[in-house]
Amino acid sequence: MGFRLAITITVDPRKSLAVKRSLLTGLILTALAVVGADAPLPRTKPLEPADALKSFRILDGFQLDLLAAEPLVMDPVAAAYDEDGRLFVVEMSDYPHVDPKNDKPFAENAGDPPIGRVRLLIDRDGDGRFDEGHIFADKLSWPTGLAVWKGGLFVAATPDLWYLRDTDGDHRADERRRVFTGFRKYNVQAVMNNLQWGLDHQIYGAGSSNGGQIHPADSKQAGGVDILRKDFRFDPRSDQFEAISGGARFGNTFDDWGNRFLCDIRNPAQHVVLPARDMARNPYLPVPRALNDSADAGDAINLFRISPPNPGGNCGPGAGPRSAKRCRAANWSAPATSPRRAE
Ligand SMILES: [Ca+2]
Ligand SMILES: [Ca+2]
């Protein structure tokens, strides 16, 4: 039986003295410690939240604050603030699976019960730290992203994309509408994720690589929009759904000019340079790749871990010195007065 400690921490980029990249990764970090497995190396022991905070080394003047920890929140993988400063957190408690027997290659995981949740965190005294945690919604399958809209929120929970809303103020969603469905529930590492608002007032999602035929949940028609190796966007006003260039697995963020960036386990930043709708105008044009690596990628990246060796995981002794996991990208632009911005 395992034991898991989850800590939600944010980085305040306004405290930065010099930021070398516009993309930041790891806004929400999860510390895991599993006890009882056979392993050649000792497992890293879990720390109390305050001690865990001290274990991070922060560069470039960034500041790390502890906003919430267990029991207010657990297993966080994505979060979004609403207009009242409340924080909705997706808890992917069914990662990587509930029962390993249900995890089979290239097959739907139809056996695991949906045990993911959305947690609503509230700061009552305005000190910036959350005081209350409510189960806003439960019984969600592999929830990996959310975007607030009109008093509620869209939630990516393979094989579905939901709209959830609390209409009576009890901090629990009583409106629960399945908007789209058809996302394949194959590899848990390759599920659609990371919903983000675009400048065009549409919601963008990372499609990852499981693919699927996406269609409105209330539609009886067969087929749908194929998103294999693609990302997607939809208009929340019309529920129009479209496959777009991408499919890098994770990331999904914009800069101030609307350029979109993705990432995956070997690439920290990939720029989407060729829109799918433009390439579709000439089906005879061979386009090997719609993405451009905008940073060193793969084995060109040097990784110097500061934590002790730990069995398992992409940074364990079985992985190479240049291996690291990247699951989130977020845009941050330096102030206009920054010397770096003026370059
Ligand atoms: Ca507080
Ligand atoms: Ca309610």
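Would you mind stating whether residue 222 is touching a Phe, Trp or Tyr at 6+ places or on another chain (Cβ under 7 Å), more than 30 Å from residue 299 (Cα to Cα) and of a type in the set (A, V, I, L, M)?
When the stated conditions are applied, residue 222 does not pass them.
For the stretch 141-170, give me each residue that is away from ligand 2 (no atom under 15 Å from the Cβ) and among the β-branched types (Val, Ile, Thr).
Those that are away from ligand 2 (no atom under 15 Å from the Cβ) and among the β-branched types (Val, Ile, Thr): 144, 148, 155, 158.
Give just the number: which of (1) surrounded by fewer than 14 Cβ atoms within 10 Å (Cβ to Cβ); (2) at pLDDT 95 or above; (3) outside any strand (DSSP E or B) does residue 128 not satisfy?
With (1) surrounded by fewer than 14 Cβ atoms within 10 Å (Cβ to Cβ); (2) at pLDDT 95 or above; (3) outside any strand (DSSP E or B) applied to residue 128, the lone miss is (2).
Quick check: anything in the stretch 179-199 part of a loop (DSSP other than H, G, I, E, B) and within 16 Å of ligand 2 (Cβ to nearest atom)?
The answer is no; no qualifying residue exists.
For the stretch 201-222, does any single residue satisfy the condition of being modelled with pLDDT of 95 or more, part of a loop (DSSP other than H, G, I, E, B) and within 16 Å of ligand 2 (Cβ to nearest atom)?
Scanning the stretch 201-222, I find no residue that is modelled with pLDDT of 95 or more, part of a loop (DSSP other than H, G, I, E, B) and within 16 Å of ligand 2 (Cβ to nearest atom), so the answer is no.
If only one of 118, 89 is in contact (Cβ under 8 Å) with a residue 40 or more places away in the chain, within 16 Å of residue 193 (Cβ to Cβ), within 15 Å of the chain's Cα centre (by Cα) and within 16 Å of ligand 2 (Cβ to nearest atom), which one is it? Steps first, please.
Numbers: 89 fails: within 16 Å of ligand 2 (Cβ to nearest atom).
None of the other options fit; the residue is 118.
Quickly run through the stretch 96-114 and pick out the residues that are of a type in the set (D, E, K, R) and either over 18 Å from residue 160 (Cβ atoms) or touching a residue at least 60 places away in the same chain (Cβ under 8 Å) (or both).
Here is the first cut: in the stretch 96-114, the ones of a type in the set (D, E, K, R) are 99, 101, 103-104, 108, 112.
Correct list: 99, 101, 103, 104, 108.
Against the definition (farther than 20 Å from residue 92 by Cβ, within 16 Å of ligand 1 (Cβ to nearest atom) and without any contact (Cβ under 8 Å) to a residue 12 or more places away in the chain), how does residue 124 come out, yes or no? Steps first, please.
Numbers: farther than 20 Å from residue 92 by Cβ: yes; within 16 Å of ligand 1 (Cβ to nearest atom): yes; without any contact (Cβ under 8 Å) to a residue 12 or more places away in the chain: yes.
It is true that residue 124 is farther than 20 Å from residue 92 by Cβ, within 16 Å of ligand 1 (Cβ to nearest atom) and without any contact (Cβ under 8 Å) to a residue 12 or more places away in the chain.
Quick one: is residue 138 of a type in the set (D, E, K, R), assigned to a strand (DSSP E or B), modelled with pLDDT of 95 or more and within 16 Å of ligand 2 (Cβ to nearest atom)?
Working: of a type in the set (D, E, K, R): yes; assigned to a strand (DSSP E or B): yes; modelled with pLDDT of 95 or more: yes; within 16 Å of ligand 2 (Cβ to nearest atom): yes.
Answer is yes for this residue.
Look through 94, 84 and report the one residue that is within 16 Å of ligand 2 (Cβ to nearest atom) and assigned to a loop (DSSP other than H, G, I, E, B).
None of the other options fit; the residue is 84.
I need a count of the residues in the stretch 248-267 that are crowded, with 24+ Cβ neighbours inside 10 Å and on the phi > 0 side of the Ramachandran plot.
Number of matching residues: 3.
The values are calculated or read from the model by the stated rules, or taken from the named source; none is laboratory data. Bear in mind the structure is a predicted one, so any value in this text is a computation, not a measurement. In this analysis, Cβ positions are derived from the backbone assuming ideal geometry, glycine residues included, and neighbour counts consider all displayed protein chains.
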